[in-house]
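The values are calculated or read from the model by the stated rules, or taken from the named source; none is laboratory data. Source: prediction; values computed, not measured. Glycine gets a Cβ as well: all are built from the backbone with ideal geometry, and neighbour counts include every protein chain shown. Accessible surface is based on the protein model in full, side chains and every heavy atom, while ligands, DNA and RNA are left aside. Shrake-Rupley method; radii C 1.70, N 1.55, O 1.52, S 1.80 Å.
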Amino acid sequence: MGERRTELHDLRVVVDRIEGRSVCGMAPGDHLDVTCSSRLSIPDGKHFCLYALSAVLPLLPAAQRAVDPGDWLATDNEVACPDPEERLIMRIERTGRTSIPTEELT
C-alpha cells in the first residue's frame with residue numbers, strides 16, 4: 001500500500017474593502033497566504049492585523065478542504081473583521097493545491 005496523502009488548497013486572505021474608517025493600517029489588496037496546511041506568510045514590509053486574523057482563522061482549515069459545490073463555504077468567502085468601526089471585509093481565495101503526506105499534517 002502506498003503512502004497516504006491529503007490534498008489541501010493553499011489559500012490567500014485578501015483585504016477586499018474597508019467600509020468604515022481604517023484603523024489598523026491595512027488597505028484593500030493587503031493579504032496573507034496559507035500554504036502546506038499551516039504555513040502563514042505575509043509579504044515583506046507588510047503587516048496583517050491580529051484582530052482581522054482572529055476573525056478568519058477558524059474558517060481556514062475548512063476552506064483548505066474540498067467541499068460540495070452547494071456548501072456555503074464554496075460560495076460565501078467573505079469574512080468581516082470584528083472591529084465595528086472599521087468594517088474591514090476580507091475574502092478567502094484558493095490559490096493552488098498541495099499534496100501532503102497525511103502523517104505530516106498537524
ALA55 vs. criteria open to solvent by less than 70 Å² (accessible area, probe 1.4 Å), without any contact (Cβ under 8 Å) to a residue 60 or more places away in the chain and part of a loop (DSSP other than H, G, I, E, B): no
Subset of the range 23-42 that is surrounded by fewer than 18 Cβ atoms within 10 Å (Cβ to Cβ) and among the charged types (D, E, K, R) - its residue that is modelled with the lowest pLDDT: ARG39
Residue within the range 65-77 that is of a type in the set (Gly, Ala, Ser), on the phi < 0 side of the Ramachandran plot and within 13 Å of the chain's Cα centre (by Cα) present: no
Residue selected from the range 69-86 under the condition open to solvent by 50 Å² or more (accessible area, probe 1.4 Å) and not in a loop (DSSP other than H, G, I, E, B), by the criterion nearest to VAL13 (Cα to Cα): GLU78
Among residues of the range 58-68, those that are open to solvent by 40 Å² or more (accessible area, probe 1.4 Å), in a helix (DSSP H, G or I) and farther than 16 Å from ASP16 by Cβ, counted: 2
Flag if MET90 is surrounded by 11 or more Cβ atoms within 10 Å (Cβ to Cβ) and assigned to a loop (DSSP other than H, G, I, E, B): no
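A quick yes/no check of all residues on (1) surrounded by 17 or more Cβ atoms within 10 Å (Cβ to Cβ); (2) among the polar types (S, T, N, Q); (3) modelled with pLDDT under 95; (4) part of a loop (DSSP other than H, G, I, E, B):
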| site | (1), (2), (3), (4) |
| --- | --- |
| GLU3 | no, no, yes, yes |
| ARG17 | no, no, no, no |
| ARG21 | no, no, yes, yes |
| ASP44 | no, no, no, yes |
| TYR51 | no, no, yes, no |
